[in-house]
Amino acid sequence: MVPTVPSPRRPLDTGHPSDFGHPSHASRAVRHWYENELGWPTVPGTPVDLPTGLRFDVLDAPVEAGYAALRHLVPGSPVAVRADRMRILVAAGSADELPGLLDWLEWGALALDLRAIGEGGRIEAPLPPGTPAPGALAPGTSRLADSPVHVPGPVDTSVKTSMDTAVDDSQGAAVWLRPPEPGCEVEPSLPTLSALGGGVGGAPDLVRLVDTMATECHRIRLRRSCAQPLALS
């Protein structure tokens, strides 16, 4: 009796991050980059989301507040931008520490536009570096003149240029301002509460990061309040 041999199957076409000709190809390419290049878990479904609380938590704040805090990060600390929001990856468990940390820093009584996403949460997976965003502009064009991003304080030209490009290219999609590096563990580069006073391994200090972001969020709040027209009696 001749054994039945199944016909050869084609390998799963995971695509490449540059293959964005079709939405399903794009999702597979993005998922492949995170799962195979970085070793990060993804959430099933489309669009591709990243679960928080496993390898990292996320601090979400206005771009201005996030930019002011970049000086507290080390090279390799991943930072993403989505529209006018910046998302800074921090050590897993940091989201639970944020309320108490803000109270300790005497920011707890104010309503700040700063939130943490931790265990059980998710964020949209930023596009892998070098991939075009849906509806991206042609090279040499820009929409920044229509919706400028105000960046306070001294400007690091290289970072400011990267941020302008990221905000412009995203067009509503999340993109990396400082992408994670394939082949490198992300955890040692993430801000953590245990780094207070100079933590082991040179991890960024979560306290300084949060204090700076809270200060800038408060300044943004004050500017918006002053910009509101006075009510006529």
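The values are calculated or read from the model by the stated rules, or taken from the named source; none is laboratory data. This is a predicted model, so every value here is computed, not measured. When we count neighbours, we look across all protein chains shown, and the Cβ atoms used for this are built from the backbone with ideal geometry, even at glycine. Surface accessibility is based on the protein's heavy atoms, side chains included, excluding ligands, DNA and RNA. Shrake-Rupley method; radii C 1.70, N 1.55, O 1.52, S 1.80 Å.
Quick notes on this one:
- Calculated on alpha-carbon atoms, Rg and Dmax of the stretch 67-117 in Å: 12.1, 33
- Taken over the alpha carbons of the stretch 45-132 as equal point scatterers, the Debye sum produces base-10 log I(q)/I(0) values at 0.11, 0.15, 0.25 Å⁻¹ of -0.32, -0.60, -1.47.
- Relative packing of peptides 218-225, 48-55 - highest average C-beta neighbours within 10 Å first: 48-55, 218-225
- Rounded percent of accessible protein surface that carbon and sulfur make up, the stretch 22-89, 1.4 Å probe: 54 percent
- Close amide-amide hydrogen proximity is noted between ASP49 and VAL43, ALA125, each under 5 Å apart and 5 or more residues distant or on a separate chain (H modeled in the peptide plane; Pro and chain starts excluded).
- Remark: spin-label model distance GLU124-ALA227 equals 2.2 nm, labels positioned 7 Å along the Cα→Cβ axis.
- Between LEU110 and ARG71, the modelled labels are 1.8 nm apart [label points 7 Å from Cα along Cα→Cβ].
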